[in-house]
Amino acid sequence: PATDPEGTPPLAGAKHVHGLSYAIVSAVGIFEATGDERALDLAKDAFRWLDRHAHDGRHGGYRGFYTRDGRRIVNRSANPLGGDLDPIGTPLMLKESNVFTDMIESLTCLYGVWPDATVRARLEEALALLKDRLLCPNGALPFLYEEDWTPIPHLMRFGYQFQAARRCVEAARLIDREASFQSLCDAMLDHALVHGHDTRFGGFYHAAPAVRPFEIEGQYTVVQRKLWWVQFEALHAFAAASRWNPAHFARMQSLWQYIRTHLIDPRHGGVYVQGTDRLRRLQQWRARIDPRHPSRIKGDPWKDGSHEGRALLAAIAAARPRAAEPERTFAAATA
């Protein structure tokens, strides 16, 4: 999944579907921007490798972690990292919604420039799985799954739910099935609003149970960190869904106010890794004098500009047709 500064792949060249799906999106983007056929060929080759080695012909979707020559890594003895987790922290032999919707996006991008029959078949398969197997009736998208897509009880992770909501509609629009997926998108967004939204300070938590209660035997079960990418993926999803549901536009506006206030550095620019709200007074004092305080960090091994860049472009596009309309409040939109 990476190389050292000299270009040598560590971990014996192991590959993960998460990284390969991003590579496909990047190569397609280069092709669209430059017309360079070599970039498109790279995207095609990556898809063919994935489909040959990682596609689950029995249960559908794609499995995650492989050796360089395409053998699946299924136990710690074969894991170049050691232990029972793959490079993105998923237990070996399990599937999860992050990689699943990554592939929906990469297949959508690839099919948009290369209308290959196999790519379309995999895209339709993924949409059917999301609709019929992965999504709960209340709109919750579980994170972990068994091989046959049976959900494994765990906390909901709202960033992936926002990604899934947006990506399924973008994919369905490409194959002329958008109308049938708008309600699924709405259901996922509504669930996140009820279970993941901080009604006091704004923004969305990283994770929480799919149903209440959130407190068990005096222990709060919500992961309250408000990571930058979760907020921007929510912004992107609300912007996309505002095309058919005006209430989502007001939610996008409200979330943008949270982002401006608690994620963007007003002095030096840039986006913090997590929201600066909910800090205690002592923490606020420490943050002012300690540049290494968590509230002031703007980078980590996972942080890049893709989440915020694409979300801001989507929000701008959503706002343009409504520039002359009066601003609606979040409370009015959700009443």
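Got a sec? What order do 42, 227 fall in by accessible area at 1.4 Å, biggest, i.e. largest, first? Could you put the intermediate results ahead of the total?
Details: 42 115, 227 25 Å².
Output order, biggest surface exposure first: 42, 227.
Rounded to the nearest 10 degrees, what's the angle between the helix 97-113 long axis and the longest principal axis of the chain, both from Cα atoms, 0 to 90?
70
How large is ³J(HN,Hα), in whole Hz, for each residue of the stretch 194-206 in order, when computed from phi with the Karplus curve 6.51 cos²θ - 1.76 cosθ + 1.60 and θ = phi - 60°, using x for Gly and Pro?
Listing the rounded values in order: 6, 9, x, 8, 7, 6, 8, 9, x, x, 10, 5, 6 Hz.
Please give the residues of the stretch 144-158, grouped as numeric ranges, whose backbone N is less than 13 Å from a label point set 7 Å along the Cα-to-Cβ vector of residue 138.
154-156
Please report, in cubic angstrom per residue, the volume enclosed by the convex hull of the alpha-carbon atoms of the stretch 187-256. Walk me through the numbers on the way to the answer.
On the way: hull volume 5.8 nm³, N = 70.
About 83 Å³ per residue, rounded to a whole number.
Compute the orientation-averaged projected area for the stretch 41-130 from the convex hull of its Cα atoms and round it to one decimal in nm². Provide the component values of the computation, followed by the final result.
Working: hull surface 23.8 nm².
In nm², the orientation-averaged hull projection of the stretch 41-130 is 5.9.
Calculate the FRET efficiency for residue 12 and residue 51 from the Cβ-Cβ distance with a Förster distance of 25 Å, rounded to the nearest 0.05. Mind dumping the intermediate values first?
On the way: r = 23 Å, r/R0 = 0.90.
Given R0 = 25 Å and the Cβ-Cβ separation, E is 0.65.
What is the magnitude of the charge dipole of the chain about its Cα centre, with +1 placed on the Cβ of each Lys and Arg, -1 on the Cβ of each Asp and Glu, and no other charges, expressed in debye to the nearest 20?
On the way: 42 positive and 39 negative charges, 213 e Å.
In debye, rounded to 20, the chain gives about 1020.
With all protein chains present and a 1.4 Å probe, how do 297, 88, 316, 73 order by accessible area, largest first?
Details: 297 65, 88 45, 316 85, 73 5 Å².
Largest to smallest exposure gives the sequence 316, 297, 88, 73.
Students often get this wrong, so check it: of 44/298; 95/298; 15/226; 15/95, which have C-alpha atoms separated by over 27 Å? Let's see the in-between values first.
Working: 44/298 34 Å; 95/298 30 Å; 15/226 29 Å; 15/95 15 Å.
Flagged as over cut-off: 44/298; 95/298; 15/226.
Which one of 3, 272, 155 is farthest out on the positive end of the charge dipole of the chain, using unit charges on Cβ (Lys, Arg +1; Asp, Glu -1) and the Cα centre as origin?
Positive-most Cα among the choices belongs to 272.
Taking 0.36 nm per intervening residue step and subtracting the Cα-Cα distance, what contour gain separates residue 38 from residue 152 on full extension?
37.0 nm
Please determine, in degrees from 0 to 90 and to the nearest 10, the orientation of helix 17-34 with respect to the longest principal axis defined by the Cα atoms of the chain, where the helix direction is its Cα long axis.
It is inclined by approximately 90 degrees.
So if I take the centroid of the Cα atoms in the stretch 41-109 and the same for the stretch 213-279, what is the distance between those two points in Å?
Centre-to-centre distance over Cα atoms comes out at 29 Å.
Through the Karplus equation 6.51 cos²θ - 1.76 cosθ + 1.60, θ set to phi - 60°, convert the phi angles of the stretch 9-16 into ³J(HN,Hα) values in whole Hz; use x for Gly and Pro.
In residue order, the calculated couplings are x, x, 6, 6, x, 4, 10, 10 Hz.
Among 108, 297, 118, which residue has its Cα positioned farthest towards the positive end of the charge dipole of the chain, with +1 placed on the Cβ of Lys and Arg, -1 on the Cβ of Asp and Glu, and the dipole taken about the Cα centre?
Positive-most Cα among the choices belongs to 297.
Any idea what angle helix 37-53 forms with the longest principal axis of the chain, computed on alpha-carbon atoms, 0 to 90 degrees, nearest 10?
Roughly 80 degrees, rounded to the nearest 10.
Top to bottom by accessible area (1.4 Å), largest first, where do 221, 261 land?
Sorted by accessible area, descending: 261, 221.
If you average 1/r across every pair of different Cα atoms in the chain and take the reciprocal, what Kirkwood value do you get, in Å?
21.2
Hey, can you grab everything whose amide H is under 5 Å from the amide H of residue 62? Only 5+ residues off in sequence or another chain; H modelled, so Pro and N-termini drop out.
The answer is 56.
Order 128-134, 209-215, 60-66, 161-167 from most to least packed using the mean count of other Cβ atoms within 10 Å. Spell out each step's value before the answer.
Numbers: 128-134: 16.3, 209-215: 12.4, 60-66: 22.1, 161-167: 27.9.
Highest mean packing first, the order is 161-167, 60-66, 128-134, 209-215.
The values are calculated or read from the model by the stated rules, or taken from the named source; none is laboratory data. Keep in mind it's a predicted model, so treat the numbers as computed, not measured. In this analysis, Cβ positions are derived from the backbone assuming ideal geometry, glycine residues included, and neighbour counts consider all displayed protein chains. Remember, those area values only see protein heavy atoms, side chains included, never the ligands or the DNA or RNA. Shrake-Rupley method; radii C 1.70, N 1.55, O 1.52, S 1.80 Å.
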